[in-house]
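J.: Below are the structure tokens for one structure; questions will follow.
Just so it is clear, none of the values below were taken in a lab; they were calculated from the coordinates. Computed from a predicted structure; not experimentally measured. A quick note on method: Cβ atoms are made from the backbone with ideal geometry, for glycine too, and the neighbour counts reach across all protein chains shown.
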Amino acid sequence: MLVTRIRADSEPRREPDELIVEEPMSIRLDGTQVTTTMRTPGHDYELAVGFCHTEGVLGGAPVVGVRYCADGSAMSSEFNVVTVETGGQAPAFTPRLGLTSSSCGLCGSDSIDTLSARLAPLEPGDTAAFDVAGFADICRRVLEGQGLFSTTGAVHGAAAFDADGTILVTREDVGRHNAVDKVVGRMLLDGRLPATGLGLFVSGRSSFEMVQKAWAAGFAVLLSVSAPTSLAVETARRAQLMLAGFVRNDGLNLYSPERLAAPAPPGPSTRSRG
């Protein structure tokens, strides 16, 4: 696309510019409409599967198939309708928390209580292997690997990583929640959920929705280069999920747990007797 580029040290000029594509995608579960989201085309199956998992609409049912469209050809829907199939094993879909707008009227405590009824708290020991000193390097490597952001500057990124700092999956999308769902969907299709003992990186703020999705997938840690919301912190503490924000080379803010566990005391002496 041609744009007029204006710079202080030169005259305005017309130049080509690359823009990220944004299109709606409808997600269906066993033929029933679940939601429509604006997304960057690509990894659509992962997005649909990840969304259904993190929002709890699968109800523990296995995914037996994913395809474009439900009626007619994929071409007729311009590849903007994806159906997740469980063979009718998923519970009948009804709208619930996470599928409504931010003005749905649920208060914070209601939101967390609804999640807690569906998801058990994570095991506190899942975070023990993570060294917070390595979080900045993880964020740096994920951000440097965002090809679409480097080209367009208009997408969010999400990535799964292990306690050693190895990046396992990276995805990008115009919606930060979509980027997360694509990561979760890839891991579900690969049989790698729950993400026990793994961390999740998000490039935007850590909202309640980001914590919800991380908790639903079983991640032990959620990292962000930006800030969390108050409800995100409350939810992370309820979930026993480690939540870090403002991750920079010179430090970070740890919001959950409220404080790091003290180092374990040294064991008894094992000196041999002479």
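J.: Ordered by packing density, taken as the mean number of other Cβ atoms within 10 Å over each peptide's residues, highest first, how do 24-37, 213-226, 51-64 rank?
T.: 213-226, 51-64, 24-37
J.: Add -39500 (n - 2.57) for each DSSP H run of 4 or more in the chain, then divide by its residues: what number comes out at 222 nm, to the nearest 500 deg cm²/dmol?
T.: One gets -8000 deg cm²/dmol as the mean residue ellipticity at 222 nm.
J.: If a/c stays under 1.5 just call it rounded; otherwise compare a/b with b/c (prolate if a/b is bigger, oblate if not). Do that for the range 124-256, with a ≥ b ≥ c from the square roots of the Cα gyration tensor eigenvalues.
T.: Rounded, since a/c falls under 1.5.
J.: Looking at ALA158, ASN253, VAL3, which one has the Cα that reaches farthest to the positive end of the dipole of the chain (charges on Cβ: Lys, Arg +1; Asp, Glu -1)?
T.: Towards the positive end, the residue furthest out is ASN253.
J.: Related question: Please give the peptides 41-49, 125-133 ranked by average Cβ packing (other Cβ atoms within 10 Å per residue), highest first, as a rough proxy for protection.
T.: 41-49, 125-133
J.: Charges at C-beta only: +1 for Lys and Arg, -1 for Asp and Glu. How large is the resulting dipole of the chain about its Cα centre, in Debye rounded to 20?
T.: 680 debye
J.: For the chain, evaluate the Debye formula with one uniform point scatterer on each Cα (no solvent term) and list log10 I(q)/I(0) at q = 0.08, 0.15 Å⁻¹, rounded to two decimals.
T.: -0.38, -1.11
J.: Here's another thing I want to ask about it. Amide H to amide H under 5 Å from VAL34: which residues, 5+ apart in sequence or cross-chain, H placed 1.01 Å off N in plane?
T.: ILE27, ARG28, LEU29
J.: Which part of the range 227-244 falls in the paramagnetic zone of GLU123, meaning amide N under 18 Å from the point 7 Å along Cα-to-beta-carbon?
T.: 239-242
J.: Still on this structure, I have one more. Quick one: of the DSSP bridges fully inside the chain, what percent are antiparallel, nearest 5?
T.: Antiparallel: roughly 70 percent of the beta bridges in the chain.
J.: For the range 124-256, give the share of DSSP beta bridges that are antiparallel, in percent and rounded to the nearest 5; count only bridges with both residues there.
T.: About 65 percent, rounded to the nearest 5.
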